[in-house]
Amino acid sequence: MLPRMADPLATYPNAVAIATAVKRGEVTARAVVDAALERAETVQRDTNAFTHLLHERARAAADALDAQATDRPLAGVPFAVKANICVQGVPTTAGSDILADFVPPYDATVIARLEAAGAIPIAMTNLDAFGMGGSSEASAHGPVHNPRDPSRVPGGSSGGAAAAVAAGVVPFALGTDTGGSVRQPAAFCGVTGFKPTYGTLSRYGVIAYASSLDQVGILANDAGDVAAVLDAMVGHDPHDATTVQVEPTFHAALEEAASPEAPLAGVTIGVIRELLGEGNAPAVLDAVERTRMRLQELGADVREVSIPSARAALAAYYLIASAEASSNLARFDGMITGKRVGANGDGQADVMTQSRGAGFNLEVRRRILMGTFALSAGHVDAWYGRALQVRRKVADELSHVFGEVDALLAPTAPSSAYPLGAKVDDPLAMYLGDVDTVLANLSGVGAISVPAGTDEAGLPVGVQLLTPALHDARLLQLARALQD
Ligand code: GLN
């Protein structure tokens with residue numbers, strides 16, 4: 001009898017290793033994709049991480065790749081996609097009933113570029129509808145369970161993507177991060193979650209939540225994979241005027257990074273005082289402290305810094321994000337876009353009301369109402385206008401502090417993963433979980449969450465690093481130094 005072929009996902013621990021093996025002909029893309037799909041089916045039973053598995057599409061892509069020698073950088077690497085990023089021919093529901101029947105006729109730019117690099121999407125992942133939430137419970141597909149402890153949430157809104165990586169289905173997944181939705185689930189599931197500088201990755205084909213804050217992010221097991229995947233996606237996109245021309249040199253920059261004895265000599269890191277106060281679980285404060293000591297061992301100069309407006313940032317974020325959402329989601333009217341509820345004879349206003357009432361969940365409706373109020377005549381200056389002023393202040397304070405330090409350190413979230421159901425009826429408690437992450441979105445800077453041990457229950461805890469805009473290569477070097 002032939003020996004059973006080793007599981008390629010176990011043999012090749014990350015995306016770079018898989019691509020190297022496929023290019024050398026040690027393993028076929030098809031074998032890797034089959035293994036990932038098989039694992040996805042098992043993991044789905046425990047976690048509900050996926051909204052759709054792309055069996056045929058993925059196998060066809062793998063076979064096409066195997067049919068010819070390839071030197072593509074991510075040859076045969078399977079990945080998962082948060083279901084608010086369009087994949088051609090695949091249901092992209094954004095976790096909402098209103099898009100239950102939506103099958104995009106085109107790929108988002110980030111997907112097209114990954115496919116051109118040889119990577120293969122194998123699954124769409126579950127999320128809070130439209131990215132609005134922090135626990136991946138507010139989904140038309142049902143809640144996601146954390147693979148580290150299925151009684152707990154995986155974080156959100158990219159909870160399915162984080163679960164897919166943490167459970168070993170794929171070496172990386174794409175999420176979106178409007179106020180922390182890549183970094184916080186990464187922390188809850190014990191993986192790395194990276195939100196690049198605003199404008200680094202194209203939002204073309206990403207279902208918009210809050211356009212001035214939205215950015216595609218990467219969930220992976222290590223900084224090297226994040227860099228390799230980032231390289232495949234960066235560069236100006238004529239379909240998204242906010243993209244900047246960033247060169248694909250992130251992986252190379254990691255390879256040539258500093259001396260092994262004191263990799264962070266000369267680097268100055270500030271710990272944000274305002275984010276270390278009450279409201280943090282002891283395990284979170286311990287994780288920051290351990291990271292601070294580790295950074296010092298690696299040669300960094302770590303000091304405390306102040307961002308006085310950090311506490312006001314959360315309120316400003318929820319006003320701005322909701323205001324933009326109320327505008328972006330106006331297109332889902334049941335007329336041209338979105339599932340229609342009601343009969344033609346009911347009249348347009350009635351059908352629109354019925355469609356939006358039935359298609360949007362409670363949280364999405366809450367955001368639309370909040371955002372519409374914040375923008376309404378007579379209130380716009382007091383609410384939206386003030387929020388923009390706070391946003392400006394956050395950005396100014398960050399850039400002032402970045403005059404003194406190269407990077408910032410903060411918790412990723414005030415707690416580790418909590419039990420399913422714990423916060424579903426308390427939106428404010430849910431919102432408070434974003435206090436650490438929104439700074440990077442409001443100011444546009446890059447930020448990464450890296451695993452930093454576990455709490456007393458053995459659940460993962462993450463810490464977050466931030467660097468000035470377009471210093472993402474430095475950010476990944478710091479993450480890599482910590483993980484090593
Ligand atoms: N939890 C935050 C919100 O609900 C962030 C979500 C996100 O980054 N997409 O708005």
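Kindly work out what percent of the DSSP beta bridges joining two residues of the chain are antiparallel, to the nearest 5. Here the share of antiparallel DSSP bridges comes out near 65 percent. Once the 1.4 Å probe is applied to the protein heavy atoms, the stretch 350-484 comes out at 42 Å² accessible per residue. For a modelled paramagnetic label at Arg386, 7 Å from Cα along Cα-to-Cβ, no residue of the stretch 410-437 is in reach, as no backbone nitrogen comes under 11 Å. The accessible area of Lys23, taken with all protein chains in place and a 1.4 Å probe, comes to roughly 90 Å².
Its Cα centre serving as origin, the stretch 208-363 has a Cβ charge dipole (Lys and Arg +1, Asp and Glu -1) of approximately 600 debye.
List the GluC sites (Glu not before Pro) within the stretch 350-449 that DSSP assigns to loop and that have no more than 13 neighbouring Cβ atoms inside 10 Å.
On the way: sites: Glu363, Glu397, Glu404; in loops: Glu404.
Answer in residue order: Glu404.
Ranking Tyr318, Tyr384 from most to least accessible surface, computed with a 1.4 Å probe over the protein chains only, gives Tyr384, Tyr318.
Mean residue ellipticity at 222 nm, helices only, the chain: -11500 deg cm²/dmol; runs of at least 4 DSSP H residues each add -39,500 (n - 2.57), and the sum is divided by the number of residues. Rounded to the nearest 20, the size of the Cβ-charge dipole of the stretch 1-80 about its Cα centre is 100 debye, with Lys and Arg at +1 and Asp and Glu at -1.
How would the stretch 158-268 be classified by its alpha-carbon gyration tensor: rounded, prolate or oblate, with rounded meaning a/c under 1.5 and the a/b versus b/c comparison settling the rest? Mind showing how you got there, number by number?
On the way: a/c = 1.86, a/b = 1.20, b/c = 1.55.
Cα axes put the stretch 158-268 in the oblate bin.
Which order do Thr51, Thr437 take by accessible area at a 1.4 Å probe, largest first? Write out the running numbers ahead of the final one.
Numbers: Thr51 25, Thr437 0 Å².
Listed by decreasing accessible area, they come as Thr51, Thr437.
In order along the stretch 62-68, phi translates into HN-Hα couplings of 5, 4, 4, 5, 5, 6, 9 Hz, rounded to whole numbers, per the Karplus curve 6.51 cos²θ - 1.76 cosθ + 1.60 with θ = phi - 60° and x for Gly and Pro.
If you stretched the chain out fully between Glu56 and Asp7, how much longer would it get, using 0.36 nm times the residue separation minus the C-alpha to C-alpha distance?
Values: separation 49, 0.36 × 49 = 17.64 nm, distance 2.04 nm.
Gain on extension, Glu56 to Asp7, equals 15.6 nm.
Charging the Cβ of each Asp and Glu at -1 and of each Lys and Arg at +1, and nothing else, the dipole of the chain about its Cα centre rounds to 620 debye.
Legend: distances between Cα atoms for Lys82/Lys423; Lys339/Lys423; Lys393/Lys423; pairs beyond 24 Å are Lys339/Lys423; Lys393/Lys423.
Here's how it looks for His52: its modeled amide H is under 5 Å from those of Met124, which are all 5 or more places away or on a different chain.
Mind pulling up the Rg/Rh value for the stretch 317-474? Radius of gyration and Kirkwood radius, both on Cα. Before the final figure, lay out the partial values.
Values: Rg = 19.9 Å, Rh = 18.6 Å.
Rounded to two decimals, Rg/Rh equals 1.07.
Order the peptides 181-187, 356-362 from the highest to the lowest mean number of other Cβ atoms within 10 Å of their residues. If you can, show how the numbers build up before the last one.
On the way: 181-187: 35.0, 356-362: 17.7.
The densest-packed peptide leads the list: 181-187, 356-362.
Given axes a ≥ b ≥ c from the Cα gyration tensor, I'd like to know whether the stretch 91-194 is rounded (a/c under 1.5), prolate (a/b larger than b/c) or oblate. Since a/c reaches 1.5 but b/c is at least a/b, the shape of the stretch 91-194 is classed as oblate. Here the chain exposes an accessible surface that is 54 percent carbon and sulfur, computed with a 1.4 Å probe and the other protein chains kept in place. Two numbers describe the Cα atoms of the chain: Rg and Dmax, which are 21.5, 79 Å.
Taking every DSSP beta bridge that has both residues in the stretch 56-201, what percent is antiparallel when rounded to the nearest 5?
Numbers: 1 of 9 bridges.
That works out to approximately 10 percent antiparallel.
A probe of 1.4 angstrom, applied to the heavy atoms of all protein chains, finds Met370 with accessible area near 60 square angstrom. Normalised by 2.2 N^0.38 Å, with N the number of residues, the alpha-carbon radius of gyration of the stretch 403-474 equals 1.27.
The values are calculated or read from the model by the stated rules, or taken from the named source; none is laboratory data. None of the values given here were measured: they were computed from a predicted structure. Backbone-built Cβ (ideal geometry, glycine too); neighbour counts: all protein chains shown. Please note that ligands, DNA and RNA were not included when accessible areas were found on the heavy atoms of the full protein model with its side chains. Shrake-Rupley method; radii C 1.70, N 1.55, O 1.52, S 1.80 Å.
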